[in-house]
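Shown next, in structure tokens, is the structure this report addresses.
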Number of protein chains: 2
Amino acid sequence: MGARDVRPVTSVDVAKRAGVSQSAVSRAFSRMASIAPGTREKILRAAAELGYRPNRIPAIMLSGRSGMVGVVVGGLSNPFYVSALEHLVGALRDQGLQVLLVHVDDALTLDSALDQLLGYRIDAVVTALAIGSAAVARALGALRIPVICFNSRLTGPWISTVSSDNRAAGVVAARLLAERGVVRPVWLAGPLRNVASVARGDGFRAGLGALAGDLVSLRGDDTYESGYDAVSGMLTRGVRPDGMFCSNDMMACGAIDALRERGGLLCPEDVVLLGYDNIPQGAWRAYDLTTFDQGVERLVEAACGILAEALTDGAGPVSQNPVIEALLVERGSSGGG
Amino acid sequence: MGARDVRPVTSVDVAKRAGVSQSAVSRAFSRMASIAPGTREKILRAAAELGYRPNRIPAIMLSGRSGMVGVVVGGLSNPFYVSALEHLVGALRDQGLQVLLVHVDDALTLDSALDQLLGYRIDAVVTALAIGSAAVARALGALRIPVICFNSRLTGPWISTVSSDNRAAGVVAARLLAERGVVRPVWLAGPLRNVASVARGDGFRAGLGALAGDLVSLRGDDTYESGYDAVSGMLTRGVRPDGMFCSNDMMACGAIDALRERGGLLCPEDVVLLGYDNIPQGAWRAYDLTTFDQGVERLVEAACGILAEALTDGAGPVSQNPVIEALLVERGSSGGG
DNA sequence: GATAAAATTGCATAGCTATGCAATCAAAGG
DNA sequence: CCTTTGATTGCATAGCTATGCAATTTTATC
């Protein structure tokens, strides 16, 4: 007596029990359908008795729309992306959309993941990854599948990107350090393929003005360890900064720990330090990190707005690229808060 | 010219182009099907030219199995659960299963979430939440849908639970503190509904032996802030421990910060402190936390093994409750490492 | 070269719901 | 009581693939 030997209850079963037609059952479960209140109630009762649950699969076949969105995530080790995912799932649910989650790591190319998803006739793709492959983008475009990215650079008729204003935040960071009297600034960048990080660095350099000539640039890979290592190396080389801007909060935490342990430097007394993302750990007392809040809620809201538009019947290709202002959250590491 | 005006390419289209029957196309995309290599190649070429992608939806209708597993998560603010999710998604993918993700918070009850999922004919449910509602459990059981929980207490013919050996770890924690000469131990518990936390506390108390009489118990809600607040309150009341076991790492980090900031107490010099979960942040230098590693890989592996068995054709109800040993990871907060 | 065996291919169908259309029924107006 | 209008219901079908079965072709064996 295995799981699959039990034929699930169908609308026909319910119809038989309620003494109505199958279409009446279908209508009883549809909001806008025309059906007499009494009939509906009778059907719902019969359905409850039998444990009937409307099957969405046939409707998907007819409409070609599954109500599912493929969400592709990469490094969930960064709490910022976790938070974004959390909000995204909730927001999509509010639009009646389900989330088909794919986790992409080195072993699995994005292409293969999407191949899988396309078999399920997903309505759209949302991703925090930079979709590197133009081929993938083109393929999705050909299938008329809207793609929404976070902080990417990709463009195309069916591709949208929501970003925080990385460059502007970089400028603000530079101004803040200047205000605090910083004269030996350091920029701790993320990996080159991270477009957002590059923009933050550009803004920072631009905002420094004359000071930019003395700027020391370090590179990490967006992890805590890489921040710790980059700063350790810098201290070993004898560089002792009095201000730092880190491309994300995890690296910033690593930087703070390295400054203290390897250089005896404290924030903000010796180094005015800023991060980016406003992850929960940045607020932990050991770090008390001043940072930029990307406004996950607003990013997600924008993404869902675009999605709703793109999924409207009869809509053409939708391609938008809203930019959300990142807000400075001042805490101890900059001497504020 | 909207997205839905473009009829997707079907197997019939491919068949026409390749000059074969529709069934041949179906077989070309099936691994075990009998088809001549030449024919398959011809079909695959035609499929590539047309951009055909096999549609899984009709197969779901026929088989009643969607190849999708509903994964229900709660607080992703705990990196441990994020890590578990990450591994789970990968492991399920290796079994050819897709993940339909649901995030449950106050606004959304588990019942309503599952209601949604059942319309998609999910094959199973995996959750890190304690499914409180026996009604839900019964409903899923009636539908012959396997449910796999992490660290729960729920039982039933179709319900399995994988846990780490919380009680044993508690005992180990107590022994370690005793070894280190602790005489004023403190237990920082999670919320009462957290079965795992209760088991850890029981084990800890049992392992303390005679010392248990002097045990001070605090309660948090598994967040950093609650750990910080609980310990702050304790210090205010004049309690100054020399050893602590915290029900999870986030609370442990909060505890460390409170001990230092509010009591001037350092780990391990003044307080030998242990956590549970081995989250990445525990390894950050500011905390250097000794903790128990639940072995996410092994937990997930066990879960997927059960799942595979439960989804085997003709299998009856599967209910297993494996317990995985948690391994002590010694770092600085206990004076080890 | 003939027969047996195996491999390949095509035909026809099941699977379950939503929906257009026609039919039926009830209510309202004269 | 009859007609008109609107509400409700049933009928029939589309949607696309996987698969059992039969037909056909190829290969193997003697």
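The values are calculated or read from the model by the stated rules, or taken from the named source; none is laboratory data. Keep in mind that this is a model prediction, so the values were computed, not measured. Heads up, the Cβs are rebuilt from the backbone with ideal geometry, glycines too, and the neighbour counts pull from every protein chain shown.
Pairs please, first residue from region A:183-207 and surrounded by fewer than 21 Cβ atoms within 10 Å (Cβ to Cβ), second anywhere and assigned to a loop (DSSP other than H, G, I, E, B) and of a type in the set (D, E, K, R), Cβ atoms under 8 Å, 6+ apart in sequence or on different chains.
As it stands, the answer is A:183/A:242; A:184/A:240; A:184/A:242; A:191/A:221; A:191/A:222; A:194/A:222; A:195/A:153, since those pairs meet every condition given.
Can you tell me which residue is farthest from DNA strand D (Cβ to nearest atom) among those in region B:27-78 that are over 25 Å from residue A:101 (Cβ atoms) and polar (S, T, N, Q)?
B:39
I'm trying to understand the selection: among the residues of region B:287-298, which are surrounded by fewer than 21 Cβ atoms within 10 Å (Cβ to Cβ) and either under 15 Å from residue B:81 (Cβ atoms) or in contact with a helix residue (DSSP H, G or I) (Cβ under 6 Å, 6 or more places away or on another chain) (or both)?
If the condition is that a residue be surrounded by fewer than 21 Cβ atoms within 10 Å (Cβ to Cβ) and either under 15 Å from residue B:81 (Cβ atoms) or in contact with a helix residue (DSSP H, G or I) (Cβ under 6 Å, 6 or more places away or on another chain) (or both), then B:288, B:293, B:295, B:297 are the ones that fit.
Filter region B:45-68 down to the residues that are within 12 Å of DNA strand C (Cβ to nearest atom) and of a type in the set (D, E, K, R) and list them by number.
B:56, B:65
Looking at region A:99-127 only, could you name the residues that are without any contact (Cβ under 8 Å) to a residue 60 or more places away in the chain, within 9 Å of another protein chain (Cβ to nearest Cβ) and in contact with a Ser or Thr (Cβ under 8 Å, 6 or more places away or on another chain)?
Once the filter is applied, which keeps residues that are without any contact (Cβ under 8 Å) to a residue 60 or more places away in the chain, within 9 Å of another protein chain (Cβ to nearest Cβ) and in contact with a Ser or Thr (Cβ under 8 Å, 6 or more places away or on another chain), region A:99-127 yields only A:120.
Which residue pairs have Cβ atoms closer than 6 Å, lie 6 or more positions apart in sequence or on different chains, and pair a first residue in region A:16-37 that is within 14 Å of chain B (Cβ to nearest Cβ) with a second residue that is assigned to a loop (DSSP other than H, G, I, E, B) and near DNA strand C (Cβ under 10 Å from one of its atoms)?
Close Cβ pairs satisfying both conditions: A:29/A:54.
Rundown of residues vs (1) under 30 Å from residue A:87 (Cβ atoms); (2) surrounded by fewer than 18 Cβ atoms within 10 Å (Cβ to Cβ), yes/no style:
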| residue | (1), (2) |
| --- | --- |
| B:10 | no, yes |
| B:15 | no, no |
| B:18 | no, no |
| B:21 | no, yes |
| B:58 | no, yes |
| B:72 | yes, no |
| B:88 | yes, no |
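Can you run down the residue pairs with Cβ atoms below 6 Å, 6 or more apart or on separate chains, where the first is in region B:311-324 and touching a residue at least 24 places away in the same chain (Cβ under 8 Å) and under 17 Å from residue B:125 (Cα atoms) and the partner is loosely packed, with under 15 Cβ neighbours inside 10 Å and not β-branched (Val, Ile, Thr)?
Cβ pairs passing all conditions: B:317/B:157; B:318/B:309; B:319/B:157.
Of all residues being crowded, with 24+ Cβ neighbours inside 10 Å and touching a residue at least 24 places away in the same chain (Cβ under 8 Å) in region A:138-149, which is nearest to the chain's Cα centre (by Cα)? Just the residue, please.
A:148
Would you mind stating whether residue B:221 is among the acidic types (Asp, Glu), more than 10 Å from every other protein chain (Cβ to nearest Cβ) and surrounded by fewer than 22 Cβ atoms within 10 Å (Cβ to Cβ)?
So residue B:221 fits the description; yes.
Among the residues of region A:293-337, which ones are among the hydrophobic types (A, V, I, L, M, F, W, C), in a loop (DSSP other than H, G, I, E, B) and modelled with pLDDT under 95?
Those that are among the hydrophobic types (A, V, I, L, M, F, W, C), in a loop (DSSP other than H, G, I, E, B) and modelled with pLDDT under 95: A:311, A:315, A:318.
Condition first: more than 12 Å from DNA strand C (Cβ to nearest atom) and either of a type in the set (D, E, K, R) or not in a helix (DSSP H, G or I) (or both). Can you find one or more residues in region B:32-44 that meet it?
no
Inside region A:263-285, can you point out the residues that are within 11 Å of another protein chain (Cβ to nearest Cβ) and not in a helix (DSSP H, G or I)?
A:279, A:284, A:285
Is region A:79-88 home to any residue that is more than 30 Å from residue B:30 (Cβ to Cβ), without any contact (Cβ under 8 Å) to a residue 24 or more places away in the chain and either within 11 Å of DNA strand D (Cβ to nearest atom) or of a type in the set (Asp, Glu) (or both)?
Within region A:79-88, one or more residues are more than 30 Å from residue B:30 (Cβ to Cβ), without any contact (Cβ under 8 Å) to a residue 24 or more places away in the chain and either within 11 Å of DNA strand D (Cβ to nearest atom) or of a type in the set (Asp, Glu) (or both).
Where in region A:149-262 are there helices (runs of 4 or more DSSP H), lying fully within it, with 3 or more residues that are under 28 Å from residue A:302 (Cα atoms)?
Of the helices (runs of 4 or more DSSP H) lying wholly inside region A:149-262, those with at least 3 residues that are under 28 Å from residue A:302 (Cα atoms) span A:166-179, A:195-208.
Within region B:60-70, can you find the residues that are buried (at least 20 other Cβ atoms within 10 Å of the Cβ) and either of a type in the set (Asp, Glu) or facing another protein chain (nearest Cβ under 8 Å) (or both)?
B:60, B:66, B:68
Can you confirm whether region B:236-245 contains a residue that is within 14 Å of chain A (Cβ to nearest Cβ) and either surrounded by 15 or more Cβ atoms within 10 Å (Cβ to Cβ) or without any contact (Cβ under 8 Å) to a residue 60 or more places away in the chain (or both)?
no
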